[in-house]
Amino acid sequence: MPDARNASSDHTEMLRAEAQKLGLDAVGIARLTSDAHLPGRLSHFLNEKRHGDMDWMETHADRRGDPLRLWPEAKSAVVFGQSYAPPTNPLEALDHRSNAAISVYAKGRDYHDVLKKRIKSLARTFAERSGADVKVFVDTAPLMEKPLAAKAGLGWQGKHTILVSREHGDWLFLGVMLTTAELEPDAEMTDHCGSCSRCLDICPTNAFPAPYQLDARRCIAYLTIEHKGHIAPEFRTAIGNRVFGCDDCAAVCPWNKFAGAATEIKYAARPETDNPPLAELLALDDAAFRLRFAGTPIKRTGRDRIVRNTLIASGNSGDRSLLRHIEPLLADESPLVRAMAVWAARRLADTNELHALQRRYRDSEHDPEVAAEWIIPMEEQAA
């Protein structure tokens, strides 16, 4: 009769070898057991409404907090990480205010496509050799990848809630293979944040109510990517020129000094996504937007939200040459775009220019959200 421990060891060695061949940078294994703390943490997050309008987080919340509810027959989770560490400091983009700052993870091919394809290939090989059933997830199911990755020894969740790796910093894409095979688990990684609070201190919008807690409603990544409505005035100046996502809390982590630049060429920045001029993004219609950002995570957010964000960045830029690109958007079909076009114009136009724009566009505006943007708040008048 074959030794189950030897079989488990053989399967684990095969997983690690195949992962290396496929360019996956980290592999960890966790034994699936019900976690007494995770459902409570998730419930607190949802009860406090910190997920904003990400309603999908509430859907099947019971399964999200426990992988065994997602698949009761599963015995092990194999968590894979692939580095997307940037070659330069992404915070440097914030100094170029007439250009869009785009999050590192979104500058290349959508990692959902790249990583899932590779893990599926590995999972097929594993299933054939082990006879076990497998299921692969890359942000495609109610599964909390970061706690699983920590349990599997890939790193720990930092005070900014991002997974931090001793080898790769906090620049890891994560994917999970659940399996009915009983594999020998790796040791869970302990927290190495210590007294450091750089990630909390740098946040422009104070999105962390406490260490290890995030209020997504205040997070620039959430506001510029997930939030579908108008962005509240209190956050607009703090957004700066961040048009898609925010890398601030990740970029300042001291553990990044051990991370070499990612070697996966598919995650490399493209010319059209590498912090392009704001003027180029303001000119995008839907067709041009889809063509420019095909295959990237940016495409999923849609043209209107990206132009909304670009208008906020334009208003923060101090670049008056952008006014000629903003004016056509005062008549855009999308109220989301028109409202932020008004805000940007108010920030950049002089008094005479603003009065002329009001005469041309304000009286014909019927959307209350857009009309409200034409009303200059008292504090701006005083300034």
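Scanning segment 207-253 for residues that are more than 11 Å from the chain's Cα centre (by Cα), over 23 Å from Glu369 (Cβ atoms) and of a type in the set (Asp, Glu) turns up Asp215, Asp248.
If you go through segment 268-282 one residue at a time, do you hit one that is modelled with pLDDT of 95 or more, of a type in the set (S, T, N, Q) and over 30 Å from Asp201 (Cβ atoms)? No; the residues of segment 268-282 include none that is modelled with pLDDT of 95 or more, of a type in the set (S, T, N, Q) and over 30 Å from Asp201 (Cβ atoms).
What tally of residues in segment 35-74 results from selecting those that are touching a Lys or Arg at 6+ places or on another chain (Cβ under 7 Å) and over 26 Å from Ile225 (Cα atoms)? Matching residues across segment 35-74 total 3. Scanning segment 117-142 for residues that are under 19 Å from Asp66 (Cα atoms) and surrounded by 23 or more Cβ atoms within 10 Å (Cβ to Cβ) yields Val136, Val138. In segment 275-298, the residues that are surrounded by 13 or more Cβ atoms within 10 Å (Cβ to Cβ) form Cβ pairs under 7 Å with partners that are of a type in the set (Val, Ile, Thr) and in a strand (DSSP E or B), at six or more places apart or across chains, as follows: Asn275/Ile102; Leu281/Val243.
Assessment of segment 293-310 against the conditions (assigned to a helix (DSSP H, G or I) and over 19 Å from the mean Cα position of the chain (by Cα)) yields no matching residue.
What do you reckon, is Phe126 among the aromatic types (Phe, Trp, Tyr) and farther than 30 Å from Pro211 by Cα?
yes
Starting from residues that are among the polar types (S, T, N, Q) and over 18 Å from Thr301 (Cβ atoms), keep the ones in segment 186-240 and report whichever is surrounded by the most Cβ atoms within 10 Å (Cβ to Cβ). So the residue we want is Thr205.
Pairs linking a residue in segment 84-96 that is under 16 Å from Pro276 (Cα atoms) to a residue that is assigned to a helix (DSSP H, G or I), with Cβ atoms under 6 Å and 6 or more positions apart or on different chains, are Pro90/Val104; Pro90/Ala251; Leu91/Ala251. Scanning segment 160-186 for residues that are of a type in the set (A, V, I, L, M) and farther than 13 Å from Ala149 by Cβ gives Leu178, Ala181, Leu183.
Close Cβ contacts (under 9 Å, 6 or more residues apart or on different chains) running from residues in segment 313-334 that are on the phi > 0 side of the Ramachandran plot to residues that are surrounded by 13 or more Cβ atoms within 10 Å (Cβ to Cβ) and modelled with pLDDT of 95 or more comprise Gly318/Arg97; Gly318/Ser98; Gly318/Arg347; Gly318/Leu348.
Which residues, counting only those in segment 153-170, are aliphatic (A, V, I, L, M), in a loop (DSSP other than H, G, I, E, B) and within 29 Å of Asp133 (Cα to Cα)? Correct list: Leu154 only. Go through the residues of segment 64-84 one by one and say whether even a single one is under 28 Å from Ala152 (Cβ atoms), within 20 Å of the chain's Cα centre (by Cα) and of a type in the set (Phe, Trp, Tyr). Taking every residue of segment 64-84 in turn, at least one turns out to be under 28 Å from Ala152 (Cβ atoms), within 20 Å of the chain's Cα centre (by Cα) and of a type in the set (Phe, Trp, Tyr). Among the numbered conditions (1) at pLDDT below 95; (2) outside any helix (DSSP H, G or I), the only one that Arg359 does not meet is (2). Reported count of residues in segment 82-104, each being crowded, with 17+ Cβ neighbours inside 10 Å, among the hydroxyl-bearing types (Ser, Thr, Tyr) and not in a strand (DSSP E or B), is 2.
The values are calculated or read from the model by the stated rules, or taken from the named source; none is laboratory data. Predicted model, so just to flag it, every value in this text is computed and none were measured. Using ideal geometry, Cβ is built from the backbone for each residue, glycine included, and neighbour counts are taken over all protein chains shown.
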